[in-house]
Amino acid sequence: MKKAILLATAFISTFTFANVDTVKTNLAKNNPDVNVQNIQATEMKGIYSGSLNGQIVYLNDDAQHILAGSMVRLKDKQNLTKNLVIQQSSLDWKKLPLNDAIKVVKGNGKRQIAVFTDPNCRYCKELEVELKKLNNVTINIFVLAFKPQSVAPSKKIFCEKNPAQAWDDLISKGYEPTGNKSCENPIDRNLALARTLGISGTPTIIFSNGFKVSGAYPAEQIEQIFKEFGL
């Protein structure tokens with residue numbers, strides 16, 4: 001009996017993986033230009049989830065159609081799509097070297113986010129405006145000098161008596177630190193960290209539960225994320 005159960009389990013496992021492989025094969029054959037990643041079986045028979053351009057999508061065995069939207073389990077009203085988004089868009093907050101970040105504390109500073117940003121990034125400048133609207137939050141700013149013209153001024157920020165003010169002057173007003181200053185700075189480490197975390201664009205926001213989003217999110221949406229996760 002035990003042997004029969006093991007054989008049955010192996011059969012089911014093989015069958016499941018075969019279906020996932022079938023979806024991948026059909027997608028590659030019929031739509032090679034559509035790059036759906038992280039394809040896996042869902043609780044709904046014959047339906048598979050995947051990620052496309054950062055969005056959760058669903059497809060069936062023949063991979064002829066893609067559906068975007070939320071999958072909800074009716075018995076407990078659990079949003080399975082939301083769970084997938086969190087799972088696929090999360091990082092380990094505890095692994096962030098916060099000592100390399102510029103810390104801006106607003107109000108009681110109880111809530112925390114990390115922001116990866118470049119002083120010459122247009123959308124980073126837009127996000128900075130939104131961040132000023134937040135209260136009771138600690139903003140850990142990881143300066144990423146992705147653009148060549150950002151390297152020198154970014155390094156000089158850390159030579160100033162008040163790096164947080166120097167950062168605000170640079171990104172909000174375009175005022176670069178003056179003089180030929182040279183000091184210990186985390187710019188190279190921040191770039192290496194970004195590569196390790198798979199962050200290739202700015203701005204990127206990481207919440208204290210590890211949830212990651214990209215783009216110049218309005219303050220209202222940031223507050224909504226805080227609320228949804230109880231942060």
Inset, instruction - Select from region 91-182 those chymotrypsin sites (Phe, Trp or Tyr not before Pro) which occupy a DSSP coil region and have at most 13 other Cβ atoms within 10 Å, ordered by residue number. - result: 175
Inset, instruction - Excluding residue 186 itself, calculate the net charge of residues whose Cβ lies under 11 Å from the Cβ of residue 186, where each Lys or Arg counts +1 and each Asp or Glu counts -1. - result: -1
Legend entry - Within the chain, longest stretch clear of exposed trypsin sites (Lys or Arg not before Pro) (DSSP loop, no more than 14 other Cβ within 10 Å): 182-231
Legend entry - Share antiparallel - DSSP beta bridges, the chain, percent rounded to 5: 80
Legend entry - Neighbour-count ranking [beta-carbon atoms within 10 angstrom, fewest first] of 137, 72, 143: 72, 137, 143
Inset, instruction - Answer with a single label: of (i) 43, 19, 17; (ii) 33, 20, 17; (iii) 40, 23, 11, which was calculated as semi-axes √(5λ) of the Cα gyration tensor in Å from the structure in view? - result: (i)
Inset, instruction - Enumerate the lysines that residue 106 could reach by cross-link, defined here as Cα to Cα under 17 Å, with residues fewer than 8 away along the same chain left out. - result: 132, 133
Inset, instruction - Mind listing the long-range amide H neighbours of residue 47? Cut-off is under 5 Å, sequence gap 5 or more, other chains count too, H placed in the peptide plane at 1.01 Å from N. - result: 42
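A short reminder: the numbers here are calculations on the coordinates, not readings from a lab. Since we're looking at a predicted model, the values are computed, not measured. Using ideal geometry, Cβ is built from the backbone for each residue, glycine included, and neighbour counts are taken over all protein chains shown.
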